[in-house]
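The values are calculated or read from the model by the stated rules, or taken from the named source; none is laboratory data. Being a predicted model, the structure only gives us computed values, none of them experimental. Backbone-built Cβ (ideal geometry, glycine too); neighbour counts: all protein chains shown. For accessibility, only protein heavy atoms count, side chains too; no ligands or nucleic acids. Shrake-Rupley method; radii C 1.70, N 1.55, O 1.52, S 1.80 Å.
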Amino acid sequence: MQKKVIVFSQIDADVLATLQAQYHVVVINPKMGDVNEQIRQHVVDADAMIGAGRLLNETNLAPAQKLKIISSVSVGYDNYDVAYLNQKKIWLSNTPHVLTETTADLAFTLLMSAARKVPSLDQWTKQGEWKRTVSGAQFGQEIFGKTLGIVGLGHIGEAIARRGFHGFNMNILYHNRREKLELAQPLNAQYRSLKDLLQQSDFVVVAVDLNAESKALINAEAFDLMQKHAVFVNISRGSVVDEQALIDALQQHKIFAAGLDVYQKEPLQQSPLFDLENVVTLPHIGSATAETRQKMVKLAYQNLVDALEDRVPRYLVNENFSS
């Protein structure tokens with residue numbers, strides 16, 4: 001009997017076609033009604049699921065009788081109730097590493113754009129305000145030779161540090177749950193407590209996973225510790241930051257600027273952030289290049305096929321239930 005795969009978000013057309021040639025594929029379509037109801041209906045006899053960006057938990061997975069794997073086309077997995085998946089003995093896989101360099105590129109794009117006021121000056125120029133030599137209101141912050149503080153020295157954090165150290169001669173500070181000498185030493189990166197990092201950095205980039213420890217890690221107290229000329233960048237998860245505290249800090253000019261790719265609620269439809277000139281807002285595009293997204297979905301496809309062929313997927317988030 002042909003195995004059944006649920007595709008719960010848009011994926012690469014070629015990979016979708018490959019799946020359809022191998023399995024019975026059901027594509028969840030928001031135009032066909034309530035998404036959760038569609039998932040509940042089809043998951044009853046599904047063997048696997050693939051996609052990203054949906055909350056998957058007991059609410060929509062309870063009817064599943066033989067679901068073996070959810071293959072997420074992402075690195076982060078905060079959309080999934082891992083404890084519930086463990087209880088149901090459903091594998092959860094992800095796609096780490098392939099988006100490291102692209103996401104680090106974006107972090108530096110945000111850092112530079114916020115520091116040099118790129119979006120607001122772009123609009124200022126297009127609106128005909130450039131009538132004379134620019135003055136202090138258009139001045140930004142220098143980047144070369146400054147201090148870059150990275151919260152979370154994982155693969156992406158290390159890639160950001162490399163760009164700062166080799167490209168901009170920056171002094172690198174980092175905070176992590178543990179010191180990472182093997183990554184830090186080639187970059188002359190210095191470990192700091194979170195408090196010291198916030199106080200000493202000209203640029204603060206957050207690149208941590210979202211978990212119980214990191215939720216609202218950057219709060220009002222954290223922004224009070226930062227230097228007035230500091231630029232803050234978040235490419236991790238929106239809930240790592242107390243968003244209202246960030247808005248207050250920007251409105252009150254406690255920090256110079258912010259560059260954001262993630263938010264507490266996505267898509268971001270209405271927000272006081274939109275009224276501020278000292279913040280760059282992007283629509284969660286950390287991995288959004290054609291090359292990287294293709295690599296991600298191919299890796300997710302391989303994770304799914306491994307599970308359905310009774311092999312342990314390479315990138316498991318939760319427990320190995322094969323034994």
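See the values below:
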item: Of the trypsin sites (Lys or Arg not before Pro) in segment 186-240, those whose Cβ has at most 11 other Cβ within 10 Å and which sit in DSSP loop; result: K228
item: Residues listed by number, segment 13-47, amide nitrogen under 13 Å from E309 label point at 7 Å toward C-beta; result: 22
item: Centre separation in Å (Cα based) which lies between segment 300-323 and segment 7-63; result: 18
item: Too-long pairs where the Cα-Cα distance tops 25 Å, listed order kept, from K195/K254; K146/K265; K215/K254; K31/K265; result: K146/K265
item: Loop-located GluC sites (Glu not before Pro) in segment 101-183, at most 16 other Cβ atoms within 10 Å (DSSP); result: E129, E142, E179
item: Computed [θ] at 222 nm, helices only, for the chain once each DSSP H run of length n ≥ 4 contributes -39500 (n - 2.57); result: -9500 deg cm²/dmol
item: Cut-off 12 Å between beta-carbons: net charge of the residues surrounding A216, Lys and Arg +1, Asp and Glu -1; result: -2
item: Distance cut-off 38 Å, percentage of C-alpha pairs in the chain lying past it; result: 23
item: Where labels lie 7 Å past Cα in the beta-carbon direction, separation of N57 and Q41 in nm; result: 2.4
item: Prolate/oblate/rounded label for segment 64-186 (Cα gyration tensor, a/c 1.5); result: oblate
item: Burial order of peptide ranges 295-307, 12-24 (average beta-carbon count within 10 Å, highest first); result: 295-307, 12-24
item: Segment 9-63, relative contact order in percent, only Cα pairs under 8 angstrom and at least six apart counted; result: 43
item: For segment 225-298, fraction of C-alpha pairs farther apart than 13 Å, in %; result: 67
item: Summed side-chain charge close to A115 - residues other than A115 whose Cβ falls under 10 Å, Lys, Arg +1, Asp, Glu -1; result: +1
item: Nearby lysines by direct alpha-carbon distance to K126 (threshold 24 angstrom, same-chain neighbours under 8 apart not counted); result: K117
item: Segment 99-281, relative contact order [Cα under 8 Å, separation at least 6], %; result: 21
item: Positive-end residue, the chain charge dipole about Cα centroid, Cβ charges, pick of V240, W130, T281; result: W130
item: Peptides 118-124, 147-153 ordered by average Cβ neighbours within 10 Å, highest first; result: 147-153, 118-124
item: Whole-percent carbon and sulfur share, accessible surface of segment 140-286, 1.4 Å; result: 47
item: Per-q log10 I(q)/I(0), segment 99-281, q = 0.11, 0.19 Å⁻¹ (Debye; single scatterer per alpha-carbon; no solvent); result: -0.45, -1.31
item: A137-M32 pseudo-label distance in nm [points 7 Å out on the Cα-to-Cβ vector]; result: 5.5
item: Alpha carbon centroid spacing (whole Å) that separates segment 231-272 from segment 130-167; result: 17
item: Around E179: net Lys/Arg minus Asp/Glu count, Cβ-Cβ under 15 Å; result: +1
item: Solvent exposure of the chain as accessible area per residue, Å², 1.4 Å probe; result: 50
item: Among A245, A83, A115, residue whose mean-square fluctuation peaks in a GNM of the chain (springs only between Cα atoms under 10 Å); result: A83
item: Cβ-based charge dipole, segment 1-153, positive-most Cα from I6, S120, T95; result: S120
